Every structure is written in C-alpha cells, then in structure tokens.
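We did not get these values from a lab; they are worked out from the coordinates using the rules stated. In this text, all values refer to a predicted model and were calculated from it rather than measured experimentally. Cβ coordinates were reconstructed from backbone atoms using ideal geometry, including for glycine residues, and neighbour counts include every protein chain displayed.
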Amino acid sequence: MASSKMAHDRGDVGPARILQVVEVDVGDAPPRVPGTPAPAAAVETLSWRFAFTSAPSPTGLDAWPAGDGAAVDVWVSEQARPIAGGFERQALNRDFARAVLRHRPDAVVIAGLFGCTVDLPRIADLLGVQAFVFQDEPLAAIEREDDRAWVEDALARCAAVALPEAEAGRWLSGGRADARRLSPEAFAEALPARLVARGQRRAFDYAAYEFCSRDHPLLMRMQAPDVRHFRGCRRVLDLGCGAGIFLDLLRREGIPAEGVERAPEIADYGRGMGLAIRTADALEFIGGVEAGFDGIYCGHFVEHLPFDAVQRLIESLARALEPGGVLVLVFPDPESIRSQLLGFWRDPEHVRFYHPELIESVALACGLQCEWSSHDAQPHEVHPFAERPPALPAMPALPAAPPGAGSGQGRWTRLLRRLGIASRDEVERREAAWREWATAMNAAVAARDAAIGNLAGRTDSLWAVNATWAWNDNVTLRLRKPAE
C-alpha cells in the first residue's frame, strides 16, 4: 500500500491515519483519488486500491487478492460495478473489513461509489471507524427502491459526504444532512477538521467475525435454492437471520418475511437494507410464538446450540408453525469432509455437528414430517481404498514388423523379384513371418489393453474416493406440520 505523511499538530489526539479506498484503472489512467488533506494537517494516508476485471475469479469469489507486485490490492469482478442488487454486489466487504482491522485507521475515505463500495461506510460504522465518501460524478440511475434505501443508509452513516450539487440534493436532505454535506472541491481542505479523536477500539465480537469472514455474494448464491421451499407462503420467519441475506432473497420473490437477530449491530445493518428485522434472542423469541407463521427458515443455527437447546428450539418451531406450515432447517453436514476440515471451526460460536437423521428424529418427535432431505437426495457412498496403491502394470513393447524380403538370394529369385514376382518359397516364407508377427502383435495388444484397463480401474477407484469431497457441505431438511 502506498502511504504519504503530512505534518500537523492535532494536540493530544496525535496524527490521524486515513485508509483511502480508490479504484485504479489498470491502463494508463491514474487512480481517481479525492486529493490529500490540506497541508495544515498531519495525516498518514494509506491507499487501498482495487480494480475491476472481466477475468474469471481464481477463488470463486467476486473479489480476490491481487498478490505481491500488482498495481492493486484487490481485483473485483465487473459484475460488482453497478449500484444495484444489494448483497450480491458487496464483493469488497470482507477484504475491506480485514483491511480496517489490520491498519486500524481513524477514518476511511471511499473515493467513488460502485456496487462494491456503497456498503463500505456501513462496514466502517459497524467496526467503529469514521467513514467519508467522495463522489465527484453523478450516480447512475437507481431504479429499485431497495437499492435506494441501501444507498441512503450508507450515506447516512458517513461523517461527511462530498457529492456534486445535484446529487447532494437527491441523497442528503433534512436533519443533520446539511452539516455533513461537502463539495468535492472543498473535500480535501475540510477533511482534517471532520476527523474526531480516537476512541476506544471496538473489541472483536461476532459482528466483526460476520463481516470479516463471510462473503455476501457467495452466501446469496448458496442460499438462493432454498427460496423455492417457501413459494406460496403468506408469512415467513427467518430465525437467526444475521444480516438478512435470505430475507432479501424472499423479498425478491415477493414472499412476505421478517427476521430475528440477536446482535444489535447486525440487526441494524440488515434494517439499513430495508429489511424487517427485530433485535431479540432467537430462542426466547420463538419460545413465545404461537402458530403465527406458515413458513420458517432456520439456517445455520442448530450447530450453535447444545443438544438440549436444539430440542427446545425444534419444539418451539413446531409450535410456531401454522397447521400445514413448512419448516426448513439448514446446517453443516457432519459427513462432509470439506465441512469438517475447512469450514466448521471458523465460526467462534459453533458447538457441534448434528447428523440429519438425529435432527429428523427430533422433528418427528415434535410432530413434524420430513418431506425432503438433501442428504437423502445425494447418496453418500463411501468407497474403500487400499492403504498402499497397487503396483503399476508393465506396458509390453510391440514386436517389430517382419522383414520386407525373404532370405532367398539366387539368380532366378533376384530376377523374379526385379520383375515384381515372388517365388512360391519366398511367398511361403513371408506368409509364415507375417503369421508369426500377427500372433505376437495380438498378444502384445491384448497385454497392453489389460494394462490400460488396470490403469483405468485405478483411476476410477481414485475418482470414487475423491468424490466424497463433492458431497454438499450443508444439509437441508424440509419439514411439514400436518394440517388439522
């Protein structure tokens, strides 16, 4: 990261550190930055640079580290450029949150609003860091009301916003909006006066984990298939909804839904996306609900609970469902090698794995019927394999072709050969040689076919064993409360 320092006495506060998020054109154009603070300010500026690219992602995510020696810190997929789509555009959130924790700035400056940067003031606010936005060009038209609410919430969390006059009128009005408005021309000079003294740093908590370790576009793609279970529902509850990604997916399908999230910061973040989220302990909330929902989604919650709490949870969920209502439970599959090795223990509050047969049995005891299980839909075949690989088969050599001419060298034989005619003896010798060669060739080909078949069997065996990595990381159970 590039850095520059300026001298200024900020009294007992000390020099400020600003993390500046800028887009870099990887061509000849220089990065678009809002300028440096006025010379009267001692500010250390760190540039965190990203660039859009149409290249395929090597990680499967929409943003990935550029690596040492690159002109940027992070590459971002072009599909994260438009300010539309909410969660599915938030490609930079995770990397940005990590950068904030790593560099511990007093403030961040987001230079330019794109789909991948709109949410960054909200992440900074959640992490307890001042955010400033510098946008010197008009924003593209924002058609969805949900996206407009998202942008408005992001700008409302900023300490100051520099927008062109026309844009400021659209996005900043009423209340303390005028006090936060800056012109792009005055931004650099006015910035130092807007910086506040360092307060107590926010301790690492589950909210920090939520935004440092989870990728919203990826979670949207993972959860999107679960929406189908709730089509036709009139009132859906997402219990333990987190930031509200599944609520947003339901909203896009026109399915009425509300969520419950215990962490105030995360619930407030989701409400900033225009989602209906109440702040409450999930177990306490659901324990007081009587048959009010025809659909309940409970994704990645049971693994946070000991078994007695899981029993109480499912009993409460069954009671909260209307007759004929559907409950969808999603949780890590203990039979997934990837989940066991790569994912489960990243979460600081995971307690234990639960096998789907155990959860289904608890649900049956609570009066729920299992309609569909992803665990059963994808049979988990276990293929044994030897501790040591079998020996590789030898590949036999093919016999050389028989000589083109016989051994006869008499005058008459040579004359007939010159005329293109072979004697009976020579024909017989050649036929015998070719028969011998054909027999040897057939034997060698058969031996080669056997060796190739042996290699194919080894490959198939290895592929079957390797297929255990292809099992779904999560289990989805669709449970139904019988109609009365």
Histogram of C-alpha separations across the chain, 10 Å bin width, %
4, 15, 21, 17, 13, 9, 6, 5, 4, 4, 2, 0
For the chain, what does the relative contact order come out to in percent, with C-alpha contacts under 8 Å and a separation of six or more?
11 percent
Could you derive backbone 3J(HN,Hα) for region 304-311 from the dihedral phi with the Karplus parameters 6.51, -1.76 and 1.60 (θ = phi - 60°), listing whole Hz in sequence and x where the residue is Gly or Pro?
8, 10, x, 5, 5, 6, 5, 4
Within the chain, helix-based [θ] at 222 nm, where runs of 4 or more DSSP H residues each add -39,500 (n - 2.57), nearest 500
-10000 deg cm²/dmol
Out of Leu358, Gly232, Leu61 - ranked by how far each Cα lies towards the positive end of the dipole of the chain, with unit charges on the beta-carbon of charged residues - the top one is Leu61
Scoring region 203-260 by relative contact order with C-alpha pairs under 8 Å, at least six apart, yields a percentage of 33 percent
Quick one: 3J(HN,Hα) in Hz for region 110-119, Karplus 6.51/-1.76/1.60 with θ = phi - 60°, rounded, Gly and Pro as x.
9, 9, x, 9, 10, x, 7, 10, 4, 7
Karplus 3J(HN,Hα) series, Hz, for region 327-341 with 6.51 cos²θ - 1.76 cosθ + 1.60 (x for Gly, Pro):
10, 10, 10, 10, 7, x, 7, x, 8, 8, 4, 4, 5, 5, 8
Give the separation of the Cα centroids, region 429-484 to region 66-126, in Å.
47 Å
Using the count of nearby Cβ atoms within 10 Å as a rough guide to exposure, how do Met273, Met395 rank from fewest to most?
Met395, Met273
Arg17's amide H: which non-local residues (gap 5+, or another chain) put their own amide H closer than 5 Å, with H modeled 1.01 Å from N in plane and none for Pro or chain starts?
Glu44, Asp106, Ala107
Under DSSP loop assignment and at most 15 Cβ neighbours within 10 Å, longest chymotrypsin sites (Phe, Trp or Tyr not before Pro)-free interval of the chain:
1-203
